[in-house]
Amino acid sequence: MIQTSVHARRRAAVARALRAAGGGIALLPTAPEVARNRDSHFPYRHDSYFYYLTGFEEPNAWLLIEASGKTTLLCQPKDLEREIWDGIRLGPKAAPAALGVDEALSVDKLNELMPRLLGNQPALWFPFATHKGLQVQIDGWLGAVRAKVRMGTECPRSQHDLCLLLDEMRLFKDKHEQAILRRAGQISASAHVRAMQTSAAMLRAGRDAREYHLEAELLHEFRRHGSQFPAYTSIVAAGANACVLHYRAADARLRADELCLIDAGCELDGYASDITRTFPAGGRFSPAQRQLYDIVLAAQVAAIAATRPGRRFMAPHDAAVQVLAQGMLDVGLLDRKKHGRVEDVIASGAYRQFYMHRTGHWMGMDVHDCGDYTEPGSRPREETDATGQKITRRPSRILRPGMVLTVEPGLYVRPAKGVPREFWNIGIRIEDDALVNAKGCELLTREVPVDADEIEALMRG
């Protein structure tokens, strides 16, 4: 059900921002349909920015917001013949009442309408570099406006990236969004539980268990609880495959003495979830697996403690790296004689052999959601980036209530000289979604366990 008041408030906020910037008009298309092959298409998924402001899921639609506050939707007209094939369309007549917009027109009128609306507007706001061909369309409309300058019509004097305005809005999740994200986390957690138990049950029964078997369990659980899509292509990585960060579920065999890493989450009503769990495929950690697993879990605990209002976005990453680096030294992944103390390991970047990604990212409508990772208005300073290079940039974002980010440390041990053999081909990541609140953060995805003993107990059940 479309929450018209929620989307109307967001559109009103955009109009206020336009007025504060001196006026103008905002233009936003939804995503196009994409052909998969010949006469079939990929499942349609709306543009996130468009859905954020409308709640409308049909393709071939545009939204216009004027600084005055007037909102206009252009959508597909009713067409009984096409609706027999493609499904019922809302249509312009029903759209104002259903979506809360002021006016709705057939999308066929777009090229006729835009030159007229753009005339005498001080500025045009639209998403830069996100819709192929949009700039060409806009240039055509502006050309038609310029053709009338001798008649006194003025062309917009400036163009602005609408994404910058919407990114800041989307970074802070309101109560409506938080409720959906919480439910998406619950569904995804139940899917991970199902996959863990299926893995152990199949191996106990002596069955041939493959990565795609667990992927099927995830997808079944997502859809069974009302999720429309997976939020991203599920990673189900057995054994050494877990050391490939963006591995996709394939046909590798699950082996009882190896770990399985699953990074998977559902999308619910336009909002993502993102969970990673690593578990023994047969239900019991080996001593070496348990050693590394407990290091990663301790790193996540430290990172979660640093995920609180007033701290910087990079604080959870720094906390996780401190624990991971110490753990690498403790278990011999890194030689103390060569690499020194934990401070030296961090300064040299030696830990990146086994941990090469950041500990989190924004999450919301997109699994890697929009939002500035540096603090707006702050002064640039020299820092060391993830590759050890010196760069000048603004300090990372200050965490505030309403932000949602992932917390996902890991260890990935590939065979290499000097690396203890018992750790070879072990890949571990633990990831949860954290909603920053006034006291710290709420973990939205903890209905699937992370403690090693609890995982083993779950898989015995």
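The values are calculated or read from the model by the stated rules, or taken from the named source; none is laboratory data. Here the structure is a predicted model, which is why all the values come from computation and not from measurement. Because the Cβ atoms are built from the backbone with ideal geometry, glycine has one as well, and the counts that use them run over all protein chains shown.
Based on what the data block shows, is ALA256 in a loop (DSSP other than H, G, I, E, B), in contact with a Ser or Thr (Cβ under 6 Å, 6 or more places away or on another chain) and of a type in the set (A, V, I, L, M)?
Values: in a loop (DSSP other than H, G, I, E, B): yes; in contact with a Ser or Thr (Cβ under 6 Å, 6 or more places away or on another chain): no; of a type in the set (A, V, I, L, M): yes.
When the stated conditions are applied, ALA256 does not pass them.
Determine whether ALA249 is in a helix (DSSP H, G or I), of a type in the set (A, V, I, L, M) and in contact with a strand residue (DSSP E or B) (Cβ under 8 Å, 6 or more places away or on another chain). So that I can check it myself, show each step before the final result.
Values: in a helix (DSSP H, G or I): no; of a type in the set (A, V, I, L, M): yes; in contact with a strand residue (DSSP E or B) (Cβ under 8 Å, 6 or more places away or on another chain): yes.
No; evaluated as a whole, the condition is false for this residue.
Only one of LYS78, LYS93, LYS109 is touching a residue at least 24 places away in the same chain (Cβ under 8 Å) and charged (D, E, K, R). Can you tell me which?
Numbers: LYS78 fails: touching a residue at least 24 places away in the same chain (Cβ under 8 Å); LYS93 fails: touching a residue at least 24 places away in the same chain (Cβ under 8 Å).
Just one listed residue meets the conditions, LYS109.
From the list VAL301, VAL296, pick out the single residue that is in contact (Cβ under 8 Å) with a residue 40 or more places away in the chain, in a helix (DSSP H, G or I) and over 21 Å from the mean Cα position of the chain (by Cα).
Working: VAL301 fails: in contact (Cβ under 8 Å) with a residue 40 or more places away in the chain.
The unique qualifying residue is VAL296.
What is the residue count in segment 392-428 for residues that are aromatic (Phe, Trp, Tyr) and either under 19 Å from the mean Cα position of the chain (by Cα) or not in a strand (DSSP E or B) (or both)? Working first, answer last.
Taking segment 392-428 and keeping what is aromatic (Phe, Trp, Tyr), we get 412, 423-424.
With either under 19 Å from the mean Cα position of the chain (by Cα) or not in a strand (DSSP E or B) (or both) added as a condition, the list becomes 423-424.
Selection size over segment 392-428: 2.
Condition (residue is surrounded by fewer than 18 Cβ atoms within 10 Å (Cβ to Cβ), within 30 Å of GLU57 (Cα to Cα) and out of contact with any strand residue (DSSP E or B) (no Cβ under 8 Å at 6 or more places or on another chain)) applied to segment 233-246: is it met by at least one residue?
Within segment 233-246, the first condition is being surrounded by fewer than 18 Cβ atoms within 10 Å (Cβ to Cβ), and the residues that meet it are 233, 244-246.
Now restrict to residues that are within 30 Å of GLU57 (Cα to Cα): 233, 246.
Now drop any that are not out of contact with any strand residue (DSSP E or B) (no Cβ under 8 Å at 6 or more places or on another chain), which leaves 233.
Checked against the condition, which is being surrounded by fewer than 18 Cβ atoms within 10 Å (Cβ to Cβ), within 30 Å of GLU57 (Cα to Cα) and out of contact with any strand residue (DSSP E or B) (no Cβ under 8 Å at 6 or more places or on another chain), segment 233-246 yields at least one hit.
Residues LYS439, LYS390: which one is assigned by TED's automatic domain parsing to the domain that holds MET356 and without any contact (Cβ under 8 Å) to a residue 40 or more places away in the chain? Step through it out loud before you land on a result.
Numbers: LYS439 fails: without any contact (Cβ under 8 Å) to a residue 40 or more places away in the chain.
After ruling out the rest, the residue left standing is LYS390.
Taking the conditions exactly as written (of a type in the set (Val, Ile, Thr), buried (at least 20 other Cβ atoms within 10 Å of the Cβ) and farther than 28 Å from ALA272 by Cβ), does VAL101 satisfy them or not?
Values: of a type in the set (Val, Ile, Thr): yes; buried (at least 20 other Cβ atoms within 10 Å of the Cβ): yes; farther than 28 Å from ALA272 by Cβ: no.
In short, no.
Considering only residues of segment 447-461 that are under 18 Å from GLU408 (Cα atoms) and either touching a Gly at 6+ places or on another chain (Cβ under 8 Å) or acidic (Asp, Glu) (or both), which is surrounded by the fewest Cβ atoms within 10 Å (Cβ to Cβ)? I'd like the intermediate steps shown before the answer.
Let us first name the residues in segment 447-461 that are under 18 Å from GLU408 (Cα atoms), namely 447-452, 455.
Narrowing further to those that are either touching a Gly at 6+ places or on another chain (Cβ under 8 Å) or acidic (Asp, Glu) (or both): 447, 451.
Values: GLU447: 15, ASP451: 12.
It comes out as ASP451.
So, in segment 44-61, how many residues would count as being under 17 Å from CYS163 (Cα atoms) and either more than 27 Å from the chain's Cα centre (by Cα) or surrounded by fewer than 19 Cβ atoms within 10 Å (Cβ to Cβ) (or both)? Even if it seems obvious, please write down each step before you answer.
Let us first name the residues in segment 44-61 that are under 17 Å from CYS163 (Cα atoms), namely 46-54.
With the extra rule that they be either more than 27 Å from the chain's Cα centre (by Cα) or surrounded by fewer than 19 Cβ atoms within 10 Å (Cβ to Cβ) (or both), the set shrinks to none.
Counting residues in segment 44-61 that are under 17 Å from CYS163 (Cα atoms) and either more than 27 Å from the chain's Cα centre (by Cα) or surrounded by fewer than 19 Cβ atoms within 10 Å (Cβ to Cβ) (or both) gives 0.
Considering LEU214, LEU118, LEU203, LEU142, which residue is assigned by TED's automatic domain parsing to the domain that holds GLY283, surrounded by 15 or more Cβ atoms within 10 Å (Cβ to Cβ), touching a Cys at 6+ places or on another chain (Cβ under 8 Å) and over 25 Å from MET403 (Cα atoms)? Quick ask: steps written out before the conclusion?
Working: LEU118 fails: assigned by TED's automatic domain parsing to the domain that holds GLY283; LEU203 fails: touching a Cys at 6+ places or on another chain (Cβ under 8 Å); LEU142 fails: assigned by TED's automatic domain parsing to the domain that holds GLY283.
Of LEU214, LEU118, LEU203, LEU142, the one residue that is assigned by TED's automatic domain parsing to the domain that holds GLY283, surrounded by 15 or more Cβ atoms within 10 Å (Cβ to Cβ), touching a Cys at 6+ places or on another chain (Cβ under 8 Å) and over 25 Å from MET403 (Cα atoms) is LEU214.
Pull out all pairs, ordered by first then second residue, where Cβ-Cβ is under 9 Å, the residues are six or more apart or on different chains, the first lies in segment 146-161 and is outside any loop (DSSP other than H, G, I, E, B), and the second is loosely packed, with under 15 Cβ neighbours inside 10 Å.
Listed by first residue and then by second, the contacts come to SER158/GLY22; GLN159/PHE128; HIS160/PHE128; ASP161/PHE128; ASP161/ALA129.
To keep it simple, each residue is scored yes or no on (1) closer than 27 Å to GLU154 by Cβ; (2) in contact with a helix residue (DSSP H, G or I) (Cβ under 7 Å, 6 or more places away or on another chain).
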position: LEU74; (1), (2): yes, yes
position: ASP79; (1), (2): no, no
position: ARG82; (1), (2): no, no
position: PRO92; (1), (2): no, no
position: ALA97; (1), (2): no, no
position: LYS109; (1), (2): yes, no
position: PRO115; (1), (2): yes, yes
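Would you please name the residue that is surrounded by the fewest Cβ atoms within 10 Å (Cβ to Cβ), looking only at residues in segment 329-355 that are in contact with a strand residue (DSSP E or B) (Cβ under 9 Å, 6 or more places away or on another chain), without any contact (Cβ under 8 Å) to a residue 60 or more places away in the chain and part of a loop (DSSP other than H, G, I, E, B)?
GLY349
Starting from residues that are out of contact with any Pro (no Cβ under 9 Å at 6 or more places or on another chain), in a helix (DSSP H, G or I) and of a type in the set (A, V, I, L, M, F, W, C), keep the ones in segment 197-219 and report whichever is nearest to ALA281 (Cα to Cα).
Per the stated criteria, the residue is LEU203.
For segment 308-328, which residues satisfy the criterion of being more than 20 Å from MET403 (Cα to Cα) and either small (Gly, Ala, Ser) or more than 33 Å from the chain's Cα centre (by Cα) (or both)? Steps first, please.
The first filter runs over segment 308-328 and keeps only residues more than 20 Å from MET403 (Cα to Cα), leaving 321-328.
If the condition is that a residue be more than 20 Å from MET403 (Cα to Cα) and either small (Gly, Ala, Ser) or more than 33 Å from the chain's Cα centre (by Cα) (or both), then ALA325, GLY327 are the ones that fit.
Counting just the residues of segment 23-39 that are among the small types (Gly, Ala, Ser) and surrounded by fewer than 18 Cβ atoms within 10 Å (Cβ to Cβ), which one comes out nearest to LEU134 (Cα to Cα)?
Here is the first cut: in segment 23-39, the ones among the small types (Gly, Ala, Ser) are 23-24, 26, 31, 35.
Now restrict to residues that are surrounded by fewer than 18 Cβ atoms within 10 Å (Cβ to Cβ): 23, 35.
On the way: GLY23: 22, ALA35: 19 Å.
Filtering first and then ranking leaves ALA35.
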